[in-house]
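Beneath this line is the structure, given in structure tokens, with notes to follow.
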Amino acid sequence: MDQSSDFGLDKIAQIAIRVEQPARAAAFYKDVLGMEQLFAYGDLAFFDCGGVRLMLSPPEKPEFNHPASIIYYKVDDILDAFETLRARQVVFEAEPHIVAQMPSYDLWMAFFRDSEGNTLAIMSEQEREAA
């Protein structure tokens, strides 16, 4: 294999999310978050997230039995997404808020947990009005 300095990982094909109750978790991602379920295989459920596949999976070994990394879902209108998810009984840790003021936009976030206790977030880059 060529060990070229041009090599670099640049695409995510799949992210695994640890779940304790696969059916409950699949229902949350499908019915509450509104994600497209691609297929299921045994206790595994697979969803499309803008071309990245999410796999919901019970932990195969004890060392995998911990909450997942935080997944940040990009939304166009964070206030609309927040209200939609809250209407679906999603409990947020706080209201959407600015976490960073960039030169041309404000970065907004709001954090919540899935049915398995994993932390998730919605985020939005809101352009600022010209002064």
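The values are calculated or read from the model by the stated rules, or taken from the named source; none is laboratory data. Only a predicted model underlies this, so the values are computations on that prediction, with no experimental measurement involved. FYI the Cβ positions are ideal-geometry reconstructions off the backbone, even for glycines, and counts take in every protein chain you see.
Details
- When we screen Asp106, Asp114 for residues that are surrounded by 14 or more Cβ atoms within 10 Å (Cβ to Cβ), closer than 15 Å to Ala25 by Cα and of a type in the set (D, E, K, R), the only hit is Asp114.
- Every residue from region 91-128 that is in contact with an Asp or Glu (Cβ under 7 Å, 6 or more places away or on another chain) and farther than 26 Å from Ala16 by Cβ: Ile98, Ser104, Tyr105, Leu107, Gln126, Arg128
- Residues satisfying the stated conditions in region 6-52, i.e. within 17 Å of Lys74 (Cβ to Cβ) and either of a type in the set (Asp, Glu) or surrounded by 12 or more Cβ atoms within 10 Å (Cβ to Cβ) (or both): Ile15, Tyr29, Leu33, Met35, Glu36, Phe47, Asp48, Cys49, Val52
One line per residue, one yes/no per condition, for (1) among the basic types (Lys, Arg); (2) in a strand (DSSP E or B); (3) under 25 Å from Arg128 (Cβ atoms); (4) modelled with pLDDT of 95 or more:
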{"site": "Asp10", "(1), (2), (3), (4)": "no, no, no, no"}
{"site": "Ile15", "(1), (2), (3), (4)": "no, yes, no, no"}
{"site": "Ala27", "(1), (2), (3), (4)": "no, no, no, yes"}
{"site": "Phe47", "(1), (2), (3), (4)": "no, yes, no, yes"}
{"site": "His66", "(1), (2), (3), (4)": "no, no, no, no"}
{"site": "Pro103", "(1), (2), (3), (4)": "no, no, yes, no"}
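- So Leu85, is it surrounded by 10 or more Cβ atoms within 10 Å (Cβ to Cβ), within 22 Å of Trp108 (Cα to Cα), modelled with pLDDT of 90 or more and not β-branched (Val, Ile, Thr): yes
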